[in-house]
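Novice: Before anything else, here's the structure in question.
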Amino acid sequence: MDADVFTLFPSWFDWFRGQRHVANVLASGTTLDCVNPRDYTTLSGRQVDDTPFGGGAGMVLRVDVVEAALRARYGRDPLELREDRRVLALTPGGRLLDDALIDELACEPALTLLSGRYEGFDQRIVDHFASDELSIGRYVLAGGELPAMVVCDAVLRKLPGVLGDERSAVEESFSPALQGGPEYPHYTRPAEYRGWRVPDVLLSGHHARIRAWRREQSRARAEGGPLP
Ligand code: ADE
């Protein structure tokens, strides 16, 4: 997969790229590049945003600046870009990110994530250059950088070879293997700590019973809490 993040703060992603699971996937051929729209503005003072028409607080990312950055990156009219890569505008009101959407994105060969700042995007950016609007939750962050990292983290860890053990992504919370339910509880050594014992079934070595217990725990959690 080739992922590009359009951001006014590309250095934030240096830390992200250095995290082990991200570094692993980047070493295996996936790319994660940042493009700073500020490098492509022709406005004085390297301006990228402006005050909203109609008044109101905050600043809005300009459509002409974002177009210039997209054109420079892809060498074509960004209007056509959606035909061969998924272009996601990160907005608090967009489609909510969930496991099904992450699976969908993990199948894309190329992603472009547009991070807004301040009051967000001129709506024409979303309407004409983006394929979808995506939200990581119904709250407002100062910009799309953290949401872009959340999307990249969730998507990249689904790619083959990223997790040490391929099974860990199959039976995790909200996956089809658990019928979309939360994951079952995990325990490790010591088997008893301060009198808190690990459930006997997990120590039994009886794989069919362990599987059944885990499915049951996941189902019970989905219905509102662990079994007694
Ligand atoms: N930009 C600001 N807040 C956001 C959110 N919750 N999700 C996606 N993008 C955002």
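Novice: Assign unit charges at the C-beta atoms only (+1 for Lys and Arg, -1 for Asp and Glu), then state the dipole size of the chain relative to its Cα centre in Debye, rounded to the nearest 20.
Specialist: Charge dipole, the chain, about its Cα centre: 880 debye, nearest 20.
Novice: Between the stretch 86-119 and the stretch 1-21, how far is it from one alpha carbon centroid to the other, in angstrom?
Specialist: Cα centroid to Cα centroid, the span is 15 Å.
Novice: Largest first and to the nearest Å, give the Cα extent of the chain along each principal axis.
Specialist: For the chain, the Cα spread along each principal axis is 70, 40, 33 Å.
Novice: With every protein chain left in place, what is the accessible area of C107 in Å² (1.4 Å probe, nearest 10)?
Specialist: The value for C107 is about 110 Å².
Novice: Pull up all non-local amide H partners of A110: gap of 5 or more, or a different chain, and H-to-H distance under 5 Å with H placed in the peptide plane.
Specialist: Under 5 Å from the amide H of A110: D2, R86.
Novice: How much of the DSSP bridge set in the chain is antiparallel, in percent, rounded to the nearest 5?
Specialist: Numbers: 5 of 26 bridges.
Expressed as a percentage, antiparallel bridges in the chain total about 20.
Novice: To the nearest 10 square angstrom, what accessible area does E83 show with a 1.4 Å probe?
Specialist: 150
Novice: Report the relative contact order of the stretch 78-228, percent, no decimals, based on alpha-carbon pairs under 8 angstrom and at least 6 residues apart. Don't skip to the end; give the middle numbers.
Specialist: Numbers: 184 pairs, mean separation 31.2, N = 151.
Relative CO of the stretch 78-228 lands at 21 percent.
Novice: Find how much the distance from R215 to Q123 grows on full extension, using 0.36 nm per residue of separation minus their present alpha carbon separation; answer in nm with one decimal. The partial results should precede the final answer.
Specialist: Values: separation 92, 0.36 × 92 = 33.12 nm, distance 4.48 nm.
Extending this stretch completely gives an extra 28.6 nm.
Novice: Give the angle, between 0 and 90 degrees and rounded to the nearest 10, that separates the Cα long axis of helix 207-222 from the longest principal axis of the Cα atoms of the chain.
Specialist: Between helix and principal axis, roughly 50 degrees.
Novice: Here is a further query. Rounded to the nearest 0.05, what FRET efficiency do E108 and D200 have when you use their Cβ-Cβ distance and R0 = 45 Å?
Specialist: Values: r = 44 Å, r/R0 = 0.99.
Taking R0 as 45 Å, the efficiency between E108 and D200 is 0.50.
Novice: Probe radius 1.4 Å, ligands and nucleic acids left out: which of W15, W213 has the largest accessible area, and how do the rest follow?
Specialist: Values: W15 155, W213 50 Å².
Output order, biggest surface exposure first: W15, W213.
Novice: Take the chain, connect every pair of alpha-carbon atoms lying under 10 Å apart with a spring to form a Gaussian network, then pick out the residue of T30, T91, T188 with the largest mean-square fluctuation.
Specialist: Checking each option, the largest mean-square fluctuation is seen for T188.
Novice: Using 7 Å Cα-to-Cβ label points, what is the D2/R46 separation (nm, one decimal)?
Specialist: Using points 7 Å along Cα→Cβ, the separation is 2.6 nm.
Novice: Continuing with the same structure: In a solvent-free Debye calculation with one equal scatterer on each Cα, what is log10 I(q)/I(0) for the stretch 76-156 at q = 0.18 Å⁻¹, listed in the order of the q values?
Specialist: Reported log10 I(q)/I(0), two decimals: -0.70.
Novice: Tilt of helix 63-74 relative to the longest C-alpha principal axis of the chain, in degrees (0 to 90, nearest 10)?
Specialist: 70
The values are calculated or read from the model by the stated rules, or taken from the named source; none is laboratory data. Owing to the predicted nature of the structure, the values given are computational and were not obtained by experimental measurement. In this analysis, Cβ positions are derived from the backbone assuming ideal geometry, glycine residues included, and neighbour counts consider all displayed protein chains. For the accessible areas, the whole protein counts, side chains as well, though only heavy atoms, and no ligand, DNA or RNA atoms are used. Shrake-Rupley method; radii C 1.70, N 1.55, O 1.52, S 1.80 Å.
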